[in-house]
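A short worksheet on the structure shown next.
The values are calculated or read from the model by the stated rules, or taken from the named source; none is laboratory data. Owing to the predicted nature of the structure, the values given are computational and were not obtained by experimental measurement. Don't worry about glycine lacking a Cβ; one is built from the backbone with ideal geometry, like all the others, and counts go over all protein chains shown.
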Amino acid sequence: MQILLTNDDGIFAPGLAALYQELRQLGEVTVVAPESEQSAVGHAISLSSPLRVKKASLGGGVWGWAVSGTPADCVKIALAELLPEMPHLVVSGINLGPNVGINVLYSGTVSAATEAAILGAEKAVALSLNTYKDPDFATAARVAGKLLSRLQGQPLSAPVCLNINLPALPEGEIKGVRLTRQDTGPLVEHFDRRVDPREHLYYWLAGINDRRDLAPDTDYGALQAGYISITPLHHDLTHYPSLRSLQVLEK
């Protein structure tokens, strides 16, 4: 099985390295990832600057392609130029921090998987770990590898990708797997107000999505309850009820 591995934390991110070790047990893995961190760039692509692609040593004799662009750029250039054929599986991650709810619109990790689905990949998966501190990527990658192994032979409706969020728990403490819908509650954000040494005011986004009373059938709710959350996503943003309610505008 041919596998493309990418991310948004950069080609030298430990989450990608841990996942590579697991994926190589499933098939032949090619790494094509941003040369530097591209978190929260969403589905951006490069139009006004060229994509520079170079080989990068990931250690232990492992090589990948480092791309001077976004996660979506990486998938585009990999499928168009770097791989001899369409891979059976495209995996993006493991991201440091969760990608649930409205955050999937900002996430470079999810956007790489979405781009793969748009371009016709048989299976596309985004993987994220629900922590920003002391991540155990080895455990997360092992759990992810078992999930992906179970996915073999399971067709996905095109163009759909799977957004998988993993609890930051020992494997034995994970409660199970939940198929979930995307949480659509508003972001709860706060900014730290600071002043630099030259008395210039600046703000730092310090907290996102810290909410309570989460619906258990959502990605956010299931993850917070200790379950692996799997949400099928697609890129059709059309609000179909409005097509009917706004028909008066066509008269």
Just one of the numbered conditions (1) loosely packed, with under 15 Cβ neighbours inside 10 Å; (2) under 17 Å from the mean Cα position of the chain (by Cα); (3) outside any loop (DSSP other than H, G, I, E, B) is not true of A80; which one? (2)
Identity of the residue in segment 1-15, part of a loop (DSSP other than H, G, I, E, B) and more than 13 Å from the chain's Cα centre (by Cα), that ends up surrounded by the most Cβ atoms within 10 Å (Cβ to Cβ): I11
Determine whether segment 94-106 contains at least one residue that is in a loop (DSSP other than H, G, I, E, B) and within 8 Å of the chain's Cα centre (by Cα). yes
Within segment 190-234, which residues are under 17 Å from I102 (Cβ atoms), free of Cβ contacts under 8 Å to residues at least 12 places away in the same chain and basic (K, R)? R212
Pairs, first farther than 16 Å from L23 by Cα and surrounded by 14 or more Cβ atoms within 10 Å (Cβ to Cβ) in segment 131-153, second of a type in the set (G, A, S) and at pLDDT 95 or above, C-beta under 6 Å, six or more apart: T131/A168
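Conditions tested, residue by residue: (1) within 27 Å of V143 (Cα to Cα); (2) loosely packed, with under 13 Cβ neighbours inside 10 Å; (3) among the small types (G, A, S).
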site: A168; (1), (2), (3): yes, no, yes
site: R181; (1), (2), (3): yes, no, no
site: D192; (1), (2), (3): no, yes, no
site: Y202; (1), (2), (3): no, yes, no
Some residue of segment 175-189 being over 20 Å from I3 (Cβ atoms), hydrophobic (A, V, I, L, M, F, W, C), in contact with a strand residue (DSSP E or B) (Cβ under 7 Å, 6 or more places away or on another chain) and part of a loop (DSSP other than H, G, I, E, B): yes
Could you check segment 16-70 and list, in sequence order, the residues that are assigned to a strand (DSSP E or B) and of a type in the set (A, V, I, L, M)? V29, V31, V32, A33, V53, A56, L58, V62, A66, V67
Looking at segment 217-251 only, could you name the residues that are assigned to a helix (DSSP H, G or I), among the aliphatic types (A, V, I, L, M) and loosely packed, with under 15 Cβ neighbours inside 10 Å? L243, V248, L249
Quick one: how many residues across segment 35-77 are more than 19 Å from the chain's Cα centre (by Cα) and either without any contact (Cβ under 8 Å) to a residue 24 or more places away in the chain or within 21 Å of I3 (Cβ to Cβ) (or both)? 16
